[in-house]
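A.B. asks: Structure below; questions to follow.
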Amino acid sequence: MRYNLNVKKYFSYFPDFSLQFKAISQIDFMKNTAKKQSRIKILSEEVANRIAAGEVIERPVSVVKELVENAIDAGSNTISIWIERGGKQLIQVTDNGCGMSADDAVTSFERHATSKIRTVTDIFGINTLGFRGEALPSIASVSKLTLVTKDAESETATKIEFEAGKLRNVEQTAGTNGTTVSVRRLFGNIPARKKFLKSDQVEYKHILNYIYYQSIAHPQIHFHFYSEGRERLNFPVVNTIRKRLLAVFGSEFDKRDMFPIQAETDGLRVHGYIKGLEEVSGGLAEYRYLFLNGRYIKDRIIFHSIRSAYELFTRKLRLQSGNTLPSFILFIEADPGSIDFNVHPAKLEVRFRDAGFIHNFIKTTLNKALLGYEEQKFNHVQQTMKSPDRSGSLTQSEKKIFNTLSTNSRKPTAHEMKALYQPDLFDKEESRSSEENTSPAATTDNNFYRRLNLRSEEELINPWQLHQSYVLIQIEDGMLIIDQHAAHERILYEKILHRIHGAPPVTQKLLFPIVLDIPPILRETIPPLLEENMDKLQRIGFSLKNFSGDSVVIDEIPAELQEWEGGEVFLDILKQLQEEYKETEDFRDSLAKSVSCKAAIKAGQKMSRKEMLGLVNELFACEVPYFCPHGRPIVIKINHNELEKRFKRIEN
């Protein structure tokens, strides 16, 4: 930085001597400052491009997302995706959309060059998936990119090549209408970014999930997906969303108690499928899809409205949903002018002009749908109960719905009240549970303690169950509250890990082997995992073998899996295993977490005093008794001093 000052002219502005002296001092200060190097600089185009690419291109699936969305915006009805090594080595997307002319193709690599918006007001009325004009320059700056495109008016196609953000070649070539973009060696010029990528299998799974939700959102488009030269997915054009859902999830979709909903009001429409009240806590992550104007999003306001709609029913029927969302596949269509998509780099989050209206409309719609579902189930149970030989076919939720609705208008019977009463909470010596006293061992133990004038373990700990979900026990300086599901999950998790590392398995033989069909959404990831880790599955108690194609035969299972449900639990384990493995990439840990979660005692399950004592003893024999395998707390301690303060017996 240099200051070329005309001192004579500068002094002419200060006729007064004192002012001239101050001016001389200021000139000296500016000259001295100029000698120092400036700390604020304008970044080079290369650095700026890489920073921008970091916001848009996080991993290989980010590239697939940008290119597929461009293809959808171009009006394509066939989109093909090829990848190698989870997208690290190659990503290629081909479409039969409108394509580009030679001039447009070159311009598209300029930052913020787009055909989708023109003015500021266009940002608040977006009807396309892309609009910022950042995708192609961002991808080109971190890879070797080749684009071949042709529109209907051009006689030849245009081929453009970039490497590490630098233009290498532009030429005319033969080609059909549409666009093909090939991206090789992603982050090859940025080793530091490349080190943060996960394994090929994990990156492949992210891309697979993306193609699943785009295919669900756009049944009018034929999607092909190839990995390592082999076709993995092929979803032809269908005329209904339901047909596409069956293609993605298979016949299992009909077994998951999903039912359709639809509602419409001024400028807003919602339709899709939501889960009924069967096993609300068992919703699969793969079944949670939310689309707004054809775009996959994750919105806290809408998620809260869904959770609120179910809350009334889970409380009324005493269903344990935890803090998880039930399964849903919802499509929301709203006026583009009421939505702002320009609030997230990946456009996954949105801002609504009237969020309260959206929340109330979705909550009300789901509430009405669930009320209708509940009434339908009640009527079904009434019809079923008329045939005594069919009463065993009722599901748990149907029984709860029937019992809840049929008892709302009457008082509970003495027998029902007795079932709720836990006498040992109040009577320590006189009252005892009849079912426990029938055990000869229990009677002998109690008599032994009484003869020695000692208190038994039951009397000392005095366990009690709250809401059939939490075990309360007395300790020397207060009380402990134990989450029964999380506690049992921790116990089983450590047992399974010990078996994987050599402890003998405890198994149960099935009376008849079960043949299970692996659903389409698991076929591309689960079979290779099972085949590669068959020895670990055998160590924990599973005896598996491939039957044919996508079927597996099971004839032996771990003894802890009490509720086998005809093999459906194994499919749930596989789904959770897929999600766990995506996060940890440790098969042993993922397997232990998945099996222990499905085999553990559920919230809402009644336990005897002996079972509660056994749970407590096994829990505190664990290496890590205070946290479940997923990191949630198992035990909460309330000391005697805190109770005294709460009841104002002592001063704070």
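The values are calculated or read from the model by the stated rules, or taken from the named source; none is laboratory data. Everything numeric here is computed off the predicted structure, so don't read it as measured data. Methodologically, a virtual Cβ is constructed for each residue, glycine included, from the backbone with ideal geometry; neighbour enumeration extends over all protein chains shown. In case anyone asks, the SASA skips ligands and DNA or RNA and just uses the protein heavy atoms, side chains included. Shrake-Rupley method; radii C 1.70, N 1.55, O 1.52, S 1.80 Å.
A.B. asks: Compute, for Asp266, the solvent-accessible surface of its heavy atoms (probe 1.4 Å) with the complete set of protein chains present, and express it in square angstrom to the nearest 10.
C.D. replies: Surface accessible to solvent at Asp266 totals approximately 140 Å².
A.B. asks: Heavy atoms only, 1.4 Å probe, whole protein assembly: order Tyr210, Tyr470 by accessible area, highest first. Don't skip to the answer; put the middle values down first.
C.D. replies: Details: Tyr210 5, Tyr470 90 Å².
From most accessible down to least: Tyr470, Tyr210.
A.B. asks: Quick check: with the 1.4 Å probe, what order do Glu494, Glu651 take by accessible area, largest first?
C.D. replies: On the way: Glu494 20, Glu651 160 Å².
If we order Glu494, Glu651 from most to least accessible, we get Glu651, Glu494.
A.B. asks: Working out 0.36 nm times the residue gap between Glu171 and Arg85, then minus their Cα-Cα distance, what length gain in nm do you get to one decimal?
C.D. replies: Details: separation 86, 0.36 × 86 = 30.96 nm, distance 2.93 nm.
Computed gain between Glu171 and Arg85 is 28.0 nm.
A.B. asks: Cut-off 14 Å, label point 7 angstrom out along Cα-to-Cβ of Arg230: give me the residues of the stretch 194-223 whose amide nitrogen falls inside.
C.D. replies: So the set is 201.
A.B. asks: On a full-extension model of 0.36 nm per residue, what is the gain between His630 and Asp354, subtracting their alpha-carbon distance, rounded to one decimal in nm? Kindly include the intermediate steps, with their values, before the conclusion.
C.D. replies: Working: separation 276, 0.36 × 276 = 99.36 nm, distance 3.64 nm.
Contour length minus the Cα-Cα distance gives 95.7 nm.
A.B. asks: Going down the table (Lys198/Lys536; Lys144/Lys166; Lys495/Lys598), which pairs top 18 Å between alpha carbons? Show your work: numbers first, answer last.
C.D. replies: Numbers: Lys198/Lys536 23 Å; Lys144/Lys166 9 Å; Lys495/Lys598 14 Å.
Check vs 18 Å cut-off fails for Lys198/Lys536.
A.B. asks: Can you put Thr176, Thr240, Thr365 in order of accessible area, largest first, using a 1.4 Å probe? Please report the intermediate quantities before stating the final value.
C.D. replies: On the way: Thr176 110, Thr240 55, Thr365 15 Å².
Output order, biggest surface exposure first: Thr176, Thr240, Thr365.
A.B. asks: Is the shape of the stretch 52-100 best called rounded, prolate or oblate, per the rule: a/c under 1.5 gives rounded, else a/b larger than b/c gives prolate, else oblate, with a ≥ b ≥ c the square roots of the Cα gyration tensor eigenvalues?
C.D. replies: Details: a/c = 2.94, a/b = 1.46, b/c = 2.02.
Oblate, since a/c reaches 1.5 and b/c is not below a/b.
A.B. asks: For a Förster distance of 51 Å, can you work out the FRET efficiency between the beta-carbons of Met385 and Val553, rounded to the nearest 0.05?
C.D. replies: Working: r = 37 Å, r/R0 = 0.72.
Calculated transfer efficiency: 0.90.
A.B. asks: I would also like to ask the following. Is there a quick way to get the dipole size of the stretch 335-386? I mean about its Cα centre, with the Cβ of Lys and Arg at +1 and of Asp and Glu at -1; what is the value in debye to the nearest 20?
C.D. replies: Details: 7 positive and 6 negative charges, 39 e Å.
Roughly 180 debye for the stretch 335-386.
A.B. asks: What full-extension length gain, to one decimal in nm, is calculated for Asn342 and Leu643 as 0.36 nm per residue of separation minus the Cα-Cα distance? Present the calculation step by step, with values, prior to reporting the outcome.
C.D. replies: Numbers: separation 301, 0.36 × 301 = 108.36 nm, distance 5.06 nm.
Extending this stretch completely gives an extra 103.3 nm.
A.B. asks: How large is the accessible surface per residue of the stretch 156-295, computed with a 1.4 Å probe and reported in Å² as a whole number? Present the calculation step by step, with values, prior to reporting the outcome.
C.D. replies: Numbers: 6050 Å² over 140 residues.
Accessible area per residue, the stretch 156-295: 43 Å².
A.B. asks: Taking 56 Å as R0, compute the FRET efficiency from the Cβ-Cβ separation of Lys368 and Glu651 and round it to 0.05.
C.D. replies: On the way: r = 52 Å, r/R0 = 0.93.
Efficiency at R0 = 56 Å is approximately 0.60.
A.B. asks: Classify the stretch 598-652 as rounded, prolate or oblate from the Cα gyration tensor: take a ≥ b ≥ c as the square roots of its eigenvalues, call it rounded if a/c is under 1.5, otherwise prolate when a/b beats b/c and oblate if not.
C.D. replies: On the way: a/c = 2.46, a/b = 1.90, b/c = 1.29.
Note, shape of the stretch 598-652 comes out prolate.
A.B. asks: Follow-up. Calculated FRET efficiency, Ile475 and Arg315, Cβ-Cβ r, R0 35 Å, to nearest 0.05?
C.D. replies: On the way: r = 30 Å, r/R0 = 0.87.
Here the calculated transfer efficiency is 0.70.
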